[in-house]
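Notes follow the structure.
The values are calculated or read from the model by the stated rules, or taken from the named source; none is laboratory data. Here the structure is a predicted model, which is why all the values come from computation and not from measurement. Neighbour counts are summed over all protein chains in view; Cβ atoms, including those assigned to glycine, are modelled from backbone coordinates with ideal geometry.
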Amino acid sequence: MPEITAPVPRDDRPEDSRRERLRRTFDEDAELYDRARPGYPAALYDDLAELAEAGPGSRVLEVGCGTGQATVPLAGRGCRITAVEAGPSMAAVARRNLAGARDVEVVTAEFESWPLPSEPYDTVLAVTSFHWIDPAVRVTRAADALRPGGALAVVRTQHVAGGTEEFFLDVQRCYERFDPDTKPGTRPPAAAEVDHADHAEEVARSGRFGPTVFRRYEHDVTYTAPEYLEVLRTYSGHRALPEDARRGLLSSIAELIDGRYGGRVTKRYLIELGISRRR
């Protein structure tokens, strides 16, 4: 699979600088990200095929593919995929994971500045990556990449109440001790409390898309203490902590899991798919 690169833009606005700094943390250890991050339920891909026409032979532009957690299953379902990934290390692992896939191209580029091909796509897909793209251009760029009637598909993931609920209350003391930005008493919301209106409103404001249709999936994953720490090490907020604080936080979480919860905890994810059709 050939490597394709494109120039990386520079933006000195404070909010863009912070977003870019956190986004770059994912590329620091692409192998860990590939090993630790959980996949997505089969129902998500069924709904992508039904609602966004991301099925056999369809042209899919995936924005922020990471190491290919969603790309590999889509390639297995016969999609023709262009996957754009800003991190060179992440893109390299994605190419390795997709080495046997047909009709898949991984491009190392920032979506914001990547030259769009002349042939439009059937689907633009962003799996837990849309929030890392510049909000000033992400919806309009997606619309420009799509054919009329094509679908913007955005997947968002959030930790919600469920699983080993008492652990996620206890662990807040670890965060309050080592991360000064932690709000006291923080706890995961119930899935029903998670609002998707912000995304629907952002897409609607562009005037380029029709109403957004949502599907939701609750997904439980059980981790040993070492497995859970690996997941935490992939999160940008944890990676951005000072080294001593991060080490203390992770050590205290491991002690909590092993000492009070028998070495295993279950985390509940809410995975939300939003589909918007280009006008």
Checklist line | Flag if L250 is of a type outside the set (D, E, K, R), out of contact with any Cys (no Cβ under 7 Å at 6 or more places or on another chain) and within 17 Å of D181 (Cα to Cα) | finding: yes
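Kindly state which helices (runs of 4 or more DSSP H) lie completely within the stretch 1-83 and contain at least 1 residues that are modelled with pLDDT of 95 or more, buried (at least 17 other Cβ atoms within 10 Å of the Cβ) and on the phi < 0 side of the Ramachandran plot.
Numbers: elements: 14-24, 30-36, 42-52, 71-76.
Of the helices (runs of 4 or more DSSP H) lying wholly inside the stretch 1-83, those with at least 1 residues that are modelled with pLDDT of 95 or more, buried (at least 17 other Cβ atoms within 10 Å of the Cβ) and on the phi < 0 side of the Ramachandran plot span 30-36, 42-52, 71-76.
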Margin query: Need a quick list: helices (runs of 4 or more DSSP H) entirely within the stretch 136-252 having at least 2 residues that are β-branched (V, I, T), over 22 Å from G262 (Cα atoms) and out of contact with any Lys or Arg (no Cβ under 6 Å at 6 or more places or on another chain).
Written below: 138-145
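If I ask for residues that are within 21 Å of the chain's Cα centre (by Cα) and surrounded by fewer than 18 Cβ atoms within 10 Å (Cβ to Cβ), which ones from the stretch 242-276 would you list?
So the first thing to find is which residues in the stretch 242-276 are within 21 Å of the chain's Cα centre (by Cα), and the list is 266-276.
Correct list: T266 only.
Going by the conditions given, is V124 touching a residue at least 60 places away in the same chain (Cβ under 8 Å), crowded, with 23+ Cβ neighbours inside 10 Å and touching a helix residue (DSSP H, G or I) at 6+ places or on another chain (Cβ under 7 Å)? Explain how you work it out, then say what you get.
Details: touching a residue at least 60 places away in the same chain (Cβ under 8 Å): yes; crowded, with 23+ Cβ neighbours inside 10 Å: yes; touching a helix residue (DSSP H, G or I) at 6+ places or on another chain (Cβ under 7 Å): yes.
Yes: the conditions hold for V124.
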Notebook entry, point to check: Which residues, counting only those in the stretch 189-226, are crowded, with 16+ Cβ neighbours inside 10 Å and more than 28 Å from R278 (Cα to Cα)?
Noted result: A191, H219, Y223, A225
Notebook entry, point to check: Hey, any hits in the stretch 139-150 for a residue that's charged (D, E, K, R), surrounded by 16 or more Cβ atoms within 10 Å (Cβ to Cβ) and in contact (Cβ under 8 Å) with a residue 40 or more places away in the chain?
Noted result: no
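Restricting the stretch 95-132 to residues that are part of a helix (DSSP H, G or I) and closer than 23 Å to G274 by Cβ, which is modelled with the highest pLDDT? Before the answer, list the steps.
Initially, the stretch 95-132 is screened for residues part of a helix (DSSP H, G or I), giving 95-97, 130-132.
Restricting the remaining residues to those that are closer than 23 Å to G274 by Cβ gives 130-132.
On the way: F130: 97, H131: 94, W132: 93.
Among residues in the stretch 95-132 that are part of a helix (DSSP H, G or I) and closer than 23 Å to G274 by Cβ, the one modelled with the highest pLDDT is F130.
Restricting the search to the stretch 195-217, which residues are aliphatic (A, V, I, L, M) and modelled with pLDDT of 95 or more? Give the steps one after another, and end with the answer.
Applying the first criterion (aliphatic (A, V, I, L, M)) to the stretch 195-217 yields 197, 200, 203-204, 213.
A200, V203, A204, V213, listed by residue number.
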Check: Name the residues in the stretch 226-237 that are over 16 Å from the mean Cα position of the chain (by Cα) and not hydrophobic (A, V, I, L, M, F, W, C), would you?
Finding: P226, E227, Y228, E230
